Amino acid sequence: MLQGITSEAFILGCSALGAGIAMIAGLGPGIGQGHAAGKGAEAVGRQPEAAGEITRTMLLGQAVAETTGIYSLIIAIILLFVRPLLTAYVNLGL
Amino acid sequence: MTIEFTVNMFGKSFIIPETIVNVWIIVIALLIFAAVVNRKVKQASVDEKPSNFLNVIEMYVEMINNLIGDTMGEKHIRFGPYIFTLMTFLLFANLIGLIGLTPPTSDYSVTLTLALITFTLTQYYGLKNNGFVGYLKGFTEPIALLTPLNVIGELANPVSLSFRLFGNILAGGLIMTLFYSAVGFLAPLIAPPFHAYFDLFSGVLQSFIFTMLTMVFIGGNLD
């Protein structure tokens, strides 16, 4: 099956795939932040005088909702640039 | 432009990365700026209207003070200097990417340090205001069964706080690098709006959010 592919290249390819799959988590914050922005727009429409307060609360909520997306981004960046799996394989000394 | 140092200390050589050098540059710039503002404020006469420069500074200080009044309460205005310094430092740190230097906040050590300061302040005021027993009791609410979850939730605060800033700024820089290599010589024409979003908008928003969350965390443990 793996003739012509070195183990290192295979691990690098799988790391890249893993990074791509990890970024699927970006779906969640997107939906959540959009929902928050929509509700914020509704609230400003209903109560325009409180626009500053509403915007601040909305941004704060969106920042917290973003956390899971940032975690997946960190995992993707680590897989791509730090390459822990490759290091682990080299350390095995096979 | 990259500036790196190698320091020999205790018989070992350490590499001081570019991001840390940029922190020094920002700190020195802010110190000079603070000295200039201090002199101008002392020279200004109360009877005349303030100059344009002083007016902008006053607006900025007032904005931070209002923010603290809204989120932490008017009587905790003594946190003003720390919040003000944090906000100004983060603004400079995030926007330094616009002049071609690497933003210090794209180094995890910088954001983790800032988040740990927030965490320490939060725990200190939690201990001070509730007493040791009350502080420990706060973890067992609403029922004792949830204690591990509460502890993990408290420890996750600095992690998420630092990763949020770090991830946003690092991802912005990475996307801009990819973008530059993709468009090639057309970059000067197409890049400015992307810089406006990834550096300017994202940088200002993230520094605001970090400061805001710091205020909310500390304010939550004040009376």
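The values are calculated or read from the model by the stated rules, or taken from the named source; none is laboratory data. Keep in mind the model is a prediction, meaning the values are calculated, not measured. Every residue, glycine as well, gets a Cβ built from its backbone with ideal geometry; the counts of neighbours run over all protein chains shown. Remember, those area values only see protein heavy atoms, side chains included, never the ligands or the DNA or RNA. Shrake-Rupley method; radii C 1.70, N 1.55, O 1.52, S 1.80 Å.
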Within region B:67-77, restricting attention to residues that are in a helix (DSSP H, G or I) and within 18 Å of the chain's Cα centre (by Cα), which residue is modelled with the lowest pLDDT? B:71
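A quick yes/no check of all residues on (1) within 11 Å of another protein chain (Cβ to nearest Cβ); (2) open to solvent by 50 Å² or more (accessible area, probe 1.4 Å); (3) in a helix (DSSP H, G or I):
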residue	(1), (2), (3)
A:4	no, yes, no
A:8	no, yes, yes
A:30	no, no, yes
A:43	no, no, yes
A:50	no, no, yes
A:87	no, yes, yes
Of all residues being open to solvent by 100 Å² or more (accessible area, probe 1.4 Å) and of a type in the set (A, V, I, L, M) in region B:1-27, which is farthest from residue B:101 (Cα to Cα)? Just the residue, please. B:15
Of the conditions (1) assigned to a helix (DSSP H, G or I); (2) more than 14 Å from chain A (Cβ to nearest Cβ); (3) loosely packed, with under 15 Cβ neighbours inside 10 Å, residue B:178 clears all except one; give me its number. (2)
Got a number for residues in region B:185-208 being without any contact (Cβ under 8 Å) to a residue 24 or more places away in the chain, open to solvent by less than 40 Å² (accessible area, probe 1.4 Å) and within 22 Å of the chain's Cα centre (by Cα)? 1
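What's the total number of residues in region B:209-223 that are within 12 Å of chain A (Cβ to nearest Cβ) and open to solvent by 40 Å² or more (accessible area, probe 1.4 Å)? Talk me through it step by step, then tell me what you get.
Residues of region B:209-223 that are within 12 Å of chain A (Cβ to nearest Cβ), as a first pass: B:209-217.
Pick out the ones that are also open to solvent by 40 Å² or more (accessible area, probe 1.4 Å) and you get B:216-217.
Qualifying residue count for the region: 2.
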Complete set of residues in region B:129-163 that are under 25 Å from the mean Cα position of the chain (by Cα) and either closer than 20 Å to residue B:214 by Cβ or of a type in the set (Gly, Ala, Ser) (or both): B:153, B:154, B:155, B:156, B:157, B:158, B:159, B:160, B:161, B:162, B:163
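For region B:93-114, how many residues are of a type outside the set (Phe, Trp, Tyr) and in contact with a Phe, Trp or Tyr (Cβ under 6 Å, 6 or more places away or on another chain)? Reasoning before the result, please.
Our first condition is that a residue be of a type outside the set (Phe, Trp, Tyr); within region B:93-114, this holds for B:93-107, B:109-114.
Keeping just the survivors that are in contact with a Phe, Trp or Tyr (Cβ under 6 Å, 6 or more places away or on another chain) gives B:111.
Going through region B:93-114 one residue at a time, the tally reaches 1.
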Just a yes or no: is a residue in region B:169-184 free of Cβ contacts under 8 Å to residues at least 40 places away in the same chain and over 29 Å from residue B:22 (Cβ atoms)? no
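In region A:76-83, is there at least one residue being more than 14 Å from chain B (Cβ to nearest Cβ), of a type in the set (Lys, Arg) and within 26 Å of residue B:108 (Cα to Cα)? If you could, list the steps in order and put the result at the bottom.
Initial filter on region A:76-83 (more than 14 Å from chain B (Cβ to nearest Cβ)): A:83.
Within this subset, residues satisfying the condition of being of a type in the set (Lys, Arg) are A:83.
In the following step, the residues that additionally are within 26 Å of residue B:108 (Cα to Cα) were identified as A:83.
Yes, region A:76-83 contains a residue that is more than 14 Å from chain B (Cβ to nearest Cβ), of a type in the set (Lys, Arg) and within 26 Å of residue B:108 (Cα to Cα).
Answer with yes or no whether residue A:68 is within 14 Å of chain B (Cβ to nearest Cβ), part of a helix (DSSP H, G or I), under 23 Å from residue B:161 (Cβ atoms) and open to solvent by less than 70 Å² (accessible area, probe 1.4 Å).
On the way: within 14 Å of chain B (Cβ to nearest Cβ): yes; part of a helix (DSSP H, G or I): yes; under 23 Å from residue B:161 (Cβ atoms): yes; open to solvent by less than 70 Å² (accessible area, probe 1.4 Å): no.
It is false that residue A:68 is within 14 Å of chain B (Cβ to nearest Cβ), part of a helix (DSSP H, G or I), under 23 Å from residue B:161 (Cβ atoms) and open to solvent by less than 70 Å² (accessible area, probe 1.4 Å).
It is to be established whether one or more residues within region B:3-18 are modelled with pLDDT under 90, outside any helix (DSSP H, G or I) and among the hydroxyl-bearing types (Ser, Thr, Tyr). Show your work before the answer.
If we filter region B:3-18 for residues that are modelled with pLDDT under 90, which is where we start, we get B:3-18.
Next, from what is left, pick out any that are outside any helix (DSSP H, G or I): B:3-17.
Then drop every residue that is not among the hydroxyl-bearing types (Ser, Thr, Tyr), which leaves B:6, B:13.
So far as region B:3-18 goes, yes, one or more of its residues are modelled with pLDDT under 90, outside any helix (DSSP H, G or I) and among the hydroxyl-bearing types (Ser, Thr, Tyr).
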Out of all the residues in region B:33-52, is one or more among the aliphatic types (A, V, I, L, M), assigned to a helix (DSSP H, G or I) and touching a residue at least 24 places away in the same chain (Cβ under 8 Å)? no
Can you find even one residue in region B:95-112 that is open to solvent by 70 Å² or more (accessible area, probe 1.4 Å), away from chain A (no Cβ under 14 Å) and in contact with a His (Cβ under 9 Å, 6 or more places away or on another chain)? yes
Only one of (1) closer than 18 Å to residue B:70 by Cβ; (2) touching a residue at least 60 places away in the same chain (Cβ under 8 Å); (3) hydrophobic (A, V, I, L, M, F, W, C) fails for residue A:16. Which number is that? (1)
